[in-house]
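Just so you know, all these numbers are worked out from the coordinates, no wet-lab data involved. What you see is a predicted model; the values in this text were computed from it and never measured. Using ideal geometry, Cβ is built from the backbone for each residue, glycine included, and neighbour counts are taken over all protein chains shown.
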Amino acid sequence: MIENKIKTLRKAAKVSTMQDADKLWCVIAGSEEMINNVSYEAILNKDRVKILCREHIKAKESFVTQKFDFLMLYGDENKIRDLSMMSKEQGGAYLKIAPYYTKNESNLLLLVGMDNHIKKFMGDGEKSHLDFKFLLEDKTTGFIETDVSLTSKMPSLIKKTIDPLFKLADVELSTVLISSNENDLRGIKDQARKNKLFIIEFEKFLKED
C-alpha cells in the first residue's frame, strides 16, 4: 500500500456531477514508457494538474514477472481529458473519477491488475457473498513489460531466444473502481490481494495528513 502523504482539495468532493465539476481525479495504468510520457506532460502543466502518486508494480505468476506503472492525477477537467486520451493512444488504461462518486458512493477502492486476475476476483467475491458495487472499468490496449525467470541450467542461447518473446507479450491490464459495504471492506481487500491486485483506498485521497 502507498503512504498517505497527500493533501487533496476537499471542495471538489462537494460537486455532484461531472458536468458541473471543474476538477477530476484520474488513474492511469500501463507501460512505464507511457506513464513517463503522461507524467512529463503533467509536470509541464503543474498549474492545472497534480500528480498525487505513482507506483511501479510487479506481479509474478509462475516464471513470468509482469511489470506496469500506475499514476494518479487530480486537476482541471479539460487537462485530465487530454492526458487520459494521451494514455489511451499509447496503449494505457484510464479511469476519470468525478466528484459524483466521492459524494454518492462509500468505501471506494481502486483495483489494478491483469484482466484475468480481475475476473477471478469478481468471481471469488460472488462466491464469498461479498457486498461491493462495480462502478468503472478500463483496459489497456498496448504492451506492458514482462520478464521471464528461466532456470539457470537452461543454455544461454535458448534463454536469449525465449526471453524477447515474453517481453513482447500483449498482456491485458484492467483498472477498476468499486464501492463496498463497510462490513465487507476487509474481506474485499483480502480477496484483492489473494488475486494479486494492486489496491488503493480512494478515501485516503480525500483526507488531509
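Quick one: go through the range 178-197 and flag any residue whose amide nitrogen is under 11 Å from the point 7 Å out along the Cα-to-Cβ line of D131.
Only 180-185 pass the distance filter.
Calculate, in nm to one decimal, what R48 and E33 gain on full extension: separation in residues at 0.36 nm each, minus their alpha carbon distance.
Fully extending the segment from R48 to E33 adds 3.2 nm.
In terms of modelled amide H atoms, which long-range or inter-chain residues lie less than 5 Å from the amide H of L136?
Under 5 Å from the amide H of L136: L177.
State which entries of K46/K194; K88/K189; K67/K127; K103/K189; K46/K189; K58/K96 exceed 31 angstrom in Cα-Cα distance in the structure shown.
K46/K194; K46/K189
HN-Hα J couplings of the range 42-57 from phi, Karplus 6.51/-1.76/1.60, θ = phi - 60°, integer Hz, Gly and Pro as x?
Those phi angles translate into 5, 5, 5, 10, 5, 6, 10, 8, 10, 8, 7, 6, 9, 10, 9, 10 Hz.
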